[in-house]
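Presented below is the structure to which this report refers.
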Amino acid sequence: QVQLLESGGGLVQAGGSLRLSCAASGTIFSINPMAWYRQAPGKQRELVAHISSGGRTNYADSVKGRFTISRDNAKNTVTLQMNSLKPEDTADYYCWTVHFGASDWGQGTQVTVSS
């Protein structure tokens, strides 16, 4: 069974930085694509950043140039470095992967950016 455990959320002022981490277990991490999604109150869950097994990355337009996704296959972790945070980045952030065709999600970590 795949388990994803996020950490690193919190409260930060606009312009600040946070680093989210996701530790994966129960899967051959190195072959899995990984991603971060977020869901703000009253809004649909949206893709923030995606990284393939080979390290290719994609970002939502709203975070390009500010967020960086990376992975460490030796440690089975994926990280989201978030810089120049804005109040509109406030959301619950979820780690995602796909395993034998089925999506797996972490429990989420809350990020709050104050103005």
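The values are calculated or read from the model by the stated rules, or taken from the named source; none is laboratory data. Computed from a prediction, not measured in an experiment: that's the story for all the values here. Reconstructed Cβ throughout: ideal geometry from the backbone, glycine too, with neighbour counts over all protein chains shown. All accessible areas refer to the heavy atoms of the entire protein, side chains included, with ligands and DNA or RNA removed. Shrake-Rupley method; radii C 1.70, N 1.55, O 1.52, S 1.80 Å.
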Compute the distance in nm between two label points, each set 7 Å from the Cα along the Cα-to-Cβ direction, one at Phe100 and one at Lys64.
3.8 nm
Regression test value, accessible area per residue of the chain, probe 1.4 Å, units Å², expected 53 Å²
Just to be sure I understand: if I project the alpha-carbon convex hull of region 1-56 onto a plane and average over all orientations, what area do I get in nm²?
5.2 nm²
Given 10 °C and 1.306 mPa s, compute D for the chain with the Stokes-Einstein relation, Rh being the Kirkwood radius over Cα pairs; round to the nearest whole µm²/s.
113 µm²/s
How much of the accessible area of region 1-70, probe 1.4 Å, is carbon plus sulfur, in whole percent?
48 percent
